[in-house]
Structures are given as structure tokens and as C-alpha cells.
1. Tell me which residues, restricted to the stretch 390-417, are over 19 Å from E101 (Cα atoms) and in contact (Cβ under 8 Å) with a residue 12 or more places away in the chain.
2. May I ask you to verify whether F427 is over 22 Å from the mean Cα position of the chain (by Cα) and either over 19 Å from Y218 (Cα atoms) or modelled with pLDDT of 90 or more (or both)?
3. Tally up the residues in the stretch 415-469 that are touching a strand residue (DSSP E or B) at 6+ places or on another chain (Cβ under 9 Å), over 30 Å from N81 (Cα atoms) and not in a helix (DSSP H, G or I), please.
4. Taking the stretch 297-324 as the region of interest, how many residues are crowded, with 20+ Cβ neighbours inside 10 Å and part of a helix (DSSP H, G or I)?
5. Kindly indicate the residue of the stretch 115-150 that is farther than 23 Å from F190 by Cβ and surrounded by 19 or more Cβ atoms within 10 Å (Cβ to Cβ) and also modelled with the lowest pLDDT among those meeting that condition.
6. May I ask you to say which residue of S188, S183, S261, S214 is more than 27 Å from N81 (Cβ to Cβ), assigned to a helix (DSSP H, G or I) and not hydrophobic (A, V, I, L, M, F, W, C)?
7. Could you list, in sequence order, all residues of the stretch 78-95 that are part of a loop (DSSP other than H, G, I, E, B) and not aliphatic (A, V, I, L, M)?
8. Filter the stretch 376-414 down to the residues that are hydroxyl-bearing (S, T, Y) and not in a loop (DSSP other than H, G, I, E, B), then identify the one that is surrounded by the most Cβ atoms within 10 Å (Cβ to Cβ).
Amino acid sequence: MRQIIKNEWRLLLRHKILLRFCFCFLLILILAIFLSNQQHRAQLSTYKIAKDELREQWESIDSMNPHSAAHYGTYVFKPSNILTNLDEGVNGVTGNVLRVEGHVQNEMVYSEASQMMSVSKFGKLKASLLLQYIVPLLLMFLAFSTVNSERQQGRLKTLLLQGTSLFRLMISKAIAIWLFGLSLLGFSVFIYTILNFNNLNAELFLRLILFLISYGLYYFIVVGLTIFLTIYFKRPLIALTTMIGIWILWTVFIPNIVMSSVEKWHPLPNRNEFKSAMKEDRSKGIDGHNPSDERGKALEEKVLAEYKVDSLSQLPINFDGIRMQADEEYGNIVWDKHFGNLSNVLIEQKQKVQLFGILSPMLALKNSSMGYAGSDNIHHQAFLRQVEDYRRIFIKQLNDEHAYGGSKTGNWGWKAQNDFFKSVKDFNYKSTELKSVWTYYLTDNIILLIWSIVTILMIFLGTKRMQII
């Protein structure tokens, strides 16, 4: 097998047109990775400047009422993982900035897609686009060519007479073409590693390995299936057109059909419905700005009983802060309910899409590619959860200062001093570790592995049927 693989590589390296194509392709790939890397660095620099400026403004607050500061709020920026240089996933459409304030959980804004010029809305040059579409197409034509040329020129009979089994010959050719695809993939990862060497760690390195494995399995599926069809059909044109048709189904029709179907099976509420439902549930809780609210009155009686006094003026604390925090805590329950349901629907959609990887391994590749790059919706939801957890701590500190910082009920003119605002910690995002989310991509990897095994079996059965002409 080793000798057959070496011979295949010698033949590949003799094709000047192929070498020129690969040279141009690698230049484009390097350009795509370099531009993504530059954009990532510029984005991080911009976010750091904005974050430092916002923090400086917050710490420079001389004196302010804590509840006014809660409405003043702050902003959180979503940092991009350096692996998104290989696959940006959903990051281009989800937004990058989120305002953190009291009483409301805001949506992310300023997505990259929303700020692109109309001429750029067709998309930008991405490494994932080249690795997922261009490389498989190249491997497909190479696999077809290597088998068809042997068949047309009658060299198969000679090789078989030398004692080589047909299956061993075909699987060796598949491995040779597959290794060629891996070399293109490995080169792109090598360039990426050089550009980001100082930022790599054990976590990112593991993600990179799993990223490579996913693409490697997909490339083998494409190569193996092409070789099977080439030996199965007597007419080479039928074999090639069949493989191209399958590839189009995998990359265009099945993903679109699956996405549309899954959205109907597990529909997400539209924005107006979602906001209306949130507003309705929120109205059933305590209104922090309405002292005459019935639920607020019940809380007032409870607090008076705890402190054993008859009126709010006798309280040693500021009941307004307690009422504000009660309003927040009820709003948190509402947020957990609705966003929890939303998250469950998204997970159900993802699971259904994963199962359809049985029909299209491209779906499995895309899911695992975004997942290991940390740019899929699972990682985005984890970021939103961190921001919401921070928002709750942030607002509670302000409400507690309002309640227990020294002011009395009704004294809205009271102001906290600068030392307090400096003590409120800034948001620090902790990257989602792979060990906490890897199970979400296990199905994709299993499907790719099954497809690879089935492909080998198909080549074996195809060689049994093949008639050498």
C-alpha cells in the first residue's frame, strides 16, 4: 500500500495545472486567515479601548444615587475566540455589544452583518468557506481522475496481475488523495498557528486537534464515495455527475430543507411575541417604581414585621432599595423562564439537525467545525448567561447600597460615594471550556466516523462488483 500511495503522490506532483491551482488556492487561504487574524486583533484592540474607557467613566463617578447608577448601567463586549479565524460561525450575525442595566435584559446589537455595506452582504472571504467547499471539490475530481485514468488506460489489469488486490489498490488511492487534502488542511492550520502562536494554550490546542479530525473524516468520506461511484458505474460520466449531484445535495438542498423543517417542528417565537410574553409575566410581579403596588405593599408589611416597626419612616434602612431588588429578582425569574424555554428550543433544533447528518455529513462537519472553533450558538448562549449572571450581581450591589448604605426610605436625593462605585467589579468573560460542551458535538463526530466506515465498506463491495474493461 505504501508504494501505491507514493506512486499516486508522484503522479499528483507531476500535474503542473494541479500544482498551480494549489499554489493559488494556498495564497487565497493564507490571505483569508491573515485578514481574519488582522480583523480579530483590531476588534480586540477596539473592545479593550472601549472597555477601559467605560470602566474609567464608571470609576470616576464622584457621587450618584445607586438606583440612578443602575439605570446608567454599563456595556459588555463579546470577545471573539482566536479560533474564529478558521470558522466565525454565528458571530457575524449575533452582535457584539450588550448594555447592562436595571429592570431590563437587553439584546445584543451591532452585529458585523448589520454594518456591512450592501456590496459585501454576499459574504466575505472565509477560511471555512474554502475548507468546506473548495477543498472537497478538488479532492472529488482528483479521486475520480486517478481511478478513471487507470481504468481507461488499462493499467488496472497490470497492477492486479502483479498480485495487488483491487480493494487494496482502491483504498490506497483513496488514502493518497485523502492525505493530499489533509496536507492542504494542515498547511492552513500551520499558518494559523504561526500567526497566533503566542495565544495558543492547551484548551485551544485540543480544540484545534478535534477541528482537524472533523475535517479529516469529512475529506475521507468525499474521496471514498467518489472512488466507490467511479468503480461502481461503467460510464465515468455517470459516476462524476452522480458524485457532483450528491455533493450539491449535501451542501445546498439538504441543509436548507432540514433547517426549514426543523424551524417548523420546533418554532421559535417571533420578537414581538417574545417581548409581549415577557412583559405580561413581568407585570405580575412587584413594581419597583410603584409604592402603591399590591405586591409591594405585601413586601412592605413583611419587612416592617421583620424589623418590628409600624411605618417605613421608622426603618433603619431604605425600603426603596429592597423593593427595587425584589422587582429585579422577580424579573430574573421571568428571564429564566422565557430564555430557558428559548434555549431548550434551540437545543432541540440543534439535535434534530445533527440527526440529519446521517443524510448529509456536511451538516455534521459544520456543527463540529463551529463547535470546536467556539463560534456556534451553544457558546453564544453561554456568553449571554455569563453576562446575565454578572448583571444580577451588578444590580444587586447597587440596590443593596441603596437599601443598606445609610439612606432612609423616600430619600432619593441620597448619593453613594466614589469608593463604592470603584468597589463594583467589572465584567470579565471566562471562555467556555470544551469539557463543559463537548457532548453537544459527540453526535456529529460519531456520524462522521460512521460515514467513514460505511465508505470503506462501499469501496470493498464496489471492488467485488467491478468489471475491468
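The values are calculated or read from the model by the stated rules, or taken from the named source; none is laboratory data. Since the structure is predicted, the reported quantities are computational estimates derived from the model, not experimental observations. All Cβ positions, even for glycine, are placed from backbone atoms using ideal geometry, and neighbour counts span all protein chains on display.
1. First pass over the stretch 390-417, keeping only residues over 19 Å from E101 (Cα atoms): 404-411, 413-414, 417.
Y404, G405, S407, K408, T409, G410, N411, G413, W414, Q417, listed by residue number.
2. Values: over 22 Å from the mean Cα position of the chain (by Cα): no; either over 19 Å from Y218 (Cα atoms) or modelled with pLDDT of 90 or more (or both): yes.
So F427 fails the test.
3. 3
4. Filtering the stretch 297-324 for residues crowded, with 20+ Cβ neighbours inside 10 Å gives 318-324.
Still in the running and part of a helix (DSSP H, G or I): 319-324.
Of the residues in the stretch 297-324, 6 are crowded, with 20+ Cβ neighbours inside 10 Å and part of a helix (DSSP H, G or I).
5. The first filter runs over the stretch 115-150 and keeps only residues farther than 23 Å from F190 by Cβ, leaving 115-123, 140-141, 143-150.
Imposing the further condition that a residue be surrounded by 19 or more Cβ atoms within 10 Å (Cβ to Cβ) reduces the set to 140, 143-147, 150.
Numbers: M140: 93, A143: 89, F144: 90, S145: 87, T146: 85, V147: 82, E150: 75.
Of everything passing the filter in the stretch 115-150, E150 is modelled with the lowest pLDDT.
6. Numbers: S188 fails: more than 27 Å from N81 (Cβ to Cβ); S183 fails: more than 27 Å from N81 (Cβ to Cβ); S214 fails: more than 27 Å from N81 (Cβ to Cβ).
The unique qualifying residue is S261.
7. Selection gives K78, P79, S80, N81, D87, E88, G89, G95.
8. Let us first name the residues in the stretch 376-414 that are hydroxyl-bearing (S, T, Y), namely 390, 404, 407, 409.
Going one step further and asking which of them are not in a loop (DSSP other than H, G, I, E, B), we end up with 390, 404.
Details: Y390: 18, Y404: 13.
Out of the qualifying residues, it is Y390.
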